[in-house]
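The values are calculated or read from the model by the stated rules, or taken from the named source; none is laboratory data. What you see is a predicted model; the values in this text were computed from it and never measured. Note: ideal-geometry Cβ built from the backbone for every residue, glycine included; neighbour counts use all protein chains shown. Just so you know, the surface numbers come from the protein's heavy atoms only, side chains and all, with ligands and any DNA or RNA stripped out. Shrake-Rupley method; radii C 1.70, N 1.55, O 1.52, S 1.80 Å.
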Amino acid sequence: GLTHAAYVPDLAFETRAAADPAGLRAPRYFAVSGSALKDPDRYRLILDQAKAIQAATGLKPLIALSRDNRMKILSRLRLRPGSYASVPSHLSYAEVAPLLADSAFILGGRYHMAIMGAAVGAWPMLLPGNSFKNEGLASLLDLGQTVRRFDETDGILADVTAFMANRDALPSTLNLMSADLGGRHERRSVTAVTPDDHRLAGGDAPRGSGID
């Protein structure tokens, strides 16, 4: 039977960007990711939000995608050439991290891209994913923002405006929090298996959970 277990946090929290010898620079970009939520309009709406943010802030979108090939194609159709940049899809986490670190924030619904951004100081502006993980991440990082709908332009722009007005204070707090989360490695011994463990393994609800 199982005698030892190791708790390993999501390793995306371990993402680190190489130090910039020139020091902190004013960002020129904000990163944009996709979403796993199967909304047929999600790519168009995300890119429309990116255009609205660009008009409001003057920052260029940095399209950061791995698997969202339809969004890559749509970005070429909906964004003016020269008005945005793209992250090559073959890059590793370590190679993508400095690009995110140079971005003011990251807009999108991709959970791991949001964590990578948080780990290097790019504030997540979260959109829906295909589960409630993004809502959990917003709570975990204490972002003070809700997960916005794809079409929630006013709310997204309000979040961006509030962030840009306070960005000098906010990213350092986020970096400290993500570093703390990434450093929680615990190794525990399982000394005994209780009757409750057998019930849980069989799919029963925990005692006192109030779940029927």
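Ignoring any ligand, DNA or RNA, what whole percent of the accessible area of the range 65-176 comes from carbon and sulfur when the probe is 1.4 angstrom? Each step should come with its number before you reach the end.
Values: 3050 of 5650 Å².
Taking all protein chains in place, the range 65-176 shows 54 percent carbon and sulfur surface.
Hey, can you find the accessible area per residue of the range 63-106 for me, probe 1.4 Å, expressed in square angstrom? Intermediate results must be reported in sequence, preceding the final value.
Working: 2510 Å² over 44 residues.
Per-residue accessible area for the range 63-106 comes out at 57 Å².
Can you tell me the dipole magnitude for the range 31-99 around its Cα centre, using point charges on the Cβ only (Lys, Arg +1; Asp, Glu -1), in Debye to the nearest 20? Spell out each step's value before the answer.
On the way: 11 positive and 5 negative charges, 49 e Å.
So the magnitude is around 240 debye.
Which lysines have a Cα less than 22 Å from the Cα of LYS60, not counting those fewer than 8 places away in the same chain?
Within the straight-line limit of under 22 Å, LYS60 reaches these lysines: LYS51, LYS72.
Using a 10 Å cut-off on Cβ atoms, rank the peptides 130-141, 42-53 from the highest mean neighbour count down. Write out the running numbers ahead of the final one.
Details: 130-141: 15.2, 42-53: 20.8.
Highest mean packing first, the order is 42-53, 130-141.
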